[in-house]
Amino acid sequence: MKKQLFIIALILSAIMMSCATINEFNEFRKEKAEKAKNAENKEVVNEKIDNDDQIAIDDDIDDDDDKEAEEAAIIEYNYELDTINPNLPDSIQVKIQQLFDDENSGKGIVDESTDMLEMIDTLQVIPYFDGSLENTCNYPPGYIPTFPDSVYAQRIEELNRNTTIELVYNKHVKSFIDVYAVSKRDKTERILGLADVYFPLFEQTLDKYNMPLELKYLAVVESALNPTAGSWAGAKGLWQFMYATGKMYKLNVTTLVDDRFDPLKSTEAACQHLRDLYNQFGDWFLALAAYNSGAGNVKKAIRRAGGIKNYWAIWPYLPRETRGYVPAFIAVNYVMNYPAEHNICPLDPGIIKNGIDTVMVHDVLHYDQLNEMLGIPMKDLKFFNPQYKAQIIPATAKKPLILQIPEKYVDEYIVHEKELYTFKTKSGIDKEKLQERMKQISDRSVHIVKRGENLSIIAKKYHVSVKQLKSWNNLKSDNLSIGQKLIVYNSGAPMAQAGNTAPVERSTTQTVHVVKSGETLGKIAAKYKCTVTDLKKWNNLSSTTIKVGQRLKVYPPETLNTSAKASTPANGTTVYTVKSGDSLWSIAKKYGVTVDHIKKLNNLKTNDLKVGQKLKL
C-alpha cells in the first residue's frame, strides 16, 4: 500500500499546476485511488535496500527496463511538504501532505524506533537517583502541558537561529517530542540529571574539534546517557559504538577491557567519527544518519533520491530505524532546552554526580578483592567501571589503569593499595591466580569458520581435540555455520582449568614426565592438576611446542594423607611449607600473625615466596 500512496503523491504533485479547482483534484484523486485499490494484488517491482527497506516505483516498469527508467520513477520526497505550517490554507499541498502522513505518520516512525525506546527504559534500573532537584517549573505536580504546533515551531526556530545544524519542526519531530515530554517524561527527568554529569565532557571535546555543541544531544538518542548501555546488535557505551567502528578510532576491545564503555575515550572517538562523516557528506543530518546506519546506507539512499544530499529528500530510502533518528535528535534538542515549559524537572543522580572519585591501579586487581578488603559495594564497582568486562583490572606498573569508586573509600584505597594486590579472597582469588588467568586469556584466540571447514579440520589445525573445541564453545553437536566464531586455546588448556579456584596441595618433590605421542601441554597439565603456565615456568619453556621423548619437570599433587600441613617441631615453633597460591598476607591471616612478624622470624627482605619454602611461624 505504501508504494501506491507514494505513486499517488507523485502524480498529484505533477498535476498541481494544471488542476484548476479543488473539485478537479478530488475527482482525480478518486480515480487514482480506484486504480491503486485494483493494483494491490499485482506484483510490484522492488529493490531491496539494507533492512528490507524498499523503493516505490511505477507498476508498469518491467524487470528488464534499464536503470535510468527506474531512477526516473523513484518517488522523491519533498521535505518541504512535511514541514508543518499551522497557518497553511486548505490546499492541494495539504491534501498531498495528508496522503503522505497517513502512510508515514509520526507515531509510525516512533513505533519503528524500538532500539531507541528500549534504551530510554534502561534508565529505570539505575539505582542512584535521589529525588528531584529544585522545582522551577511553575506547574502543579503531575500536570502535563501541551502546546499548539505553532508554539513548537516557534521554539525550534529560535534554537535553529543559534546553531549551524538546520533544525526544523514537522510531524515526526512532534511525535518524538511526545515521547520525551509525555509518554516517557519520567525517564527524561533522569536524562536531565545525568546531563549535568556528562554534558560538560561532551561540550569540551566538541569545542576541541570546533564542532556544533548541539551534537551532545546525540548521546541522549543513542544511549539515554546510560553509561552501561548495550544494544542487541552489540553497540556499547554512551555513544553506542559497534566493535568494528570502535576499532577504527582506537577503542580497544579485549577479553578483559572494553574501551567503548570509557566516557573519555568514547567521547573522543565519537567526535572524530562525526567529524569524518561530516567531511564526507557535508551535511550534519546526513552525518547523523550515517552514524546510525553506516555511510553505505546513506550513499545508497542518496543514489535512490537522484543524488540529492538532503536528509529529508533521502528519508524514504533510509533503514526504518534511521528514519526516526534525526527527528528524535531534533526533539531531544527541544525538550532539553524547554524542560520547565513541559513541567519536567531533573532528578538528582546522587553519587553519580558528586560522590565518585578516580584512583589509579598499578597491578592486576579483582573486584572481589576491593569488595572484601575495603567493603566497596559490588554494584558500585560494576556500574562505575563497566569497561572491565570480567571484573578484573589488568593493570601493570608500566601501564596503570583508572578505577572509579565512591569517594568515601578513596583514602582507604590509597593506604592499603599494596596490600590489596596480595589479598586473597574467600574464593581463593589472589595475585598469582589473576596473573595465571591473564596468561590463559592471552593464550586464547578466535577462529572464524570458513567454507568447507568442520570441527575435525579446525582441531587438527590448532593441535587440539574435537572434544575440547566443543567444550570451550558449549557445542552440543558437530554442526558449524560459515562465519561462526570459535574460541580456541592454542596450548590446549581447557577453560575449566582457569575457573578452578580450589587450591591444589602440591608435592615439593620434583618428578619427571616423559612426553608421549599425541600429548600436549594442556593434556599434561590436566594429568598433574596444574596449569600450562606452571609447566612452562617449571621447565623454562618460551612456547607451548613440545616433542615426543622430551623430559618435563613436574610437581604432582599430593594425596590426602601426605597433604602439605604446618608441622610443629619439639621446640614449639610452627613450620609451614609454602603452597602454590600462598602469599605472606594469606599465611599471616591464616595463623593470626602479621606479615612483618613472619618476615622478621624468617629473615625475609622481600615478600617473594617459592613453592616448597619452609617458614617459621
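Quick one: pull the percent of accessible area on the stretch 303-449 belonging to carbon and sulfur, 1.4 Å probe, ligands and nucleic acids left out. The nonpolar share, carbon plus sulfur, comes to 52 percent. Take the stretch 418-490 with all the other protein chains still there, run a 1.4 Å probe, and you get 61 Å² of accessible area per residue. Measuring against 20 Å, Cα to Cα, the residue pairs K470/K537; K527/K553; K184/K265 contain K470/K537; K184/K265 as the ones spanning a longer distance. Applying 0.36 nm per residue to the separation of V415 and K389 and subtracting their alpha-carbon distance, the gain on full extension is 6.7 nm. A 1.4 Å probe run over the stretch 316-381, with the rest of the protein chains in place, finds 26 Å² accessible per residue. Using only the C-alpha atoms, the convex hull of the stretch 190-248 corresponds to 86 Å³ per residue. Taking every C-alpha pair closer than 8 Å and separated by at least 6 residues, the mean separation divided by the residue count of the stretch 344-419 gives a relative contact order of 44 percent. Semi-axis lengths, largest first, of the ellipsoid equivalent to the stretch 246-293 are 24, 9, 8 Å, with √(5λ) applied to each eigenvalue of the Cα gyration tensor. Cross-link pairs exceeding 22 Å in C-alpha to C-alpha distance, out of K216/K300; K236/K389; K187/K353; K426/K614, comprise K216/K300; K426/K614. Across all directions, the shadow cast by the convex hull of the stretch 290-406 built on its C-alpha atoms averages 11.9 square nanometres. Modelled this way, with points 7 Å down the Cα-to-C-beta line, the labels at N162 and T606 are 6.2 nm from one another.
The values are calculated or read from the model by the stated rules, or taken from the named source; none is laboratory data. On a predicted model such as this, the values are computed, not experimentally measured, just so you know. Ideal geometry is used to build each Cβ from the backbone, glycine not excepted, and the neighbour counts take in all protein chains shown. Protein only, heavy atoms only, side chains kept; ligands, DNA and RNA dropped before computing areas. Shrake-Rupley method; radii C 1.70, N 1.55, O 1.52, S 1.80 Å.
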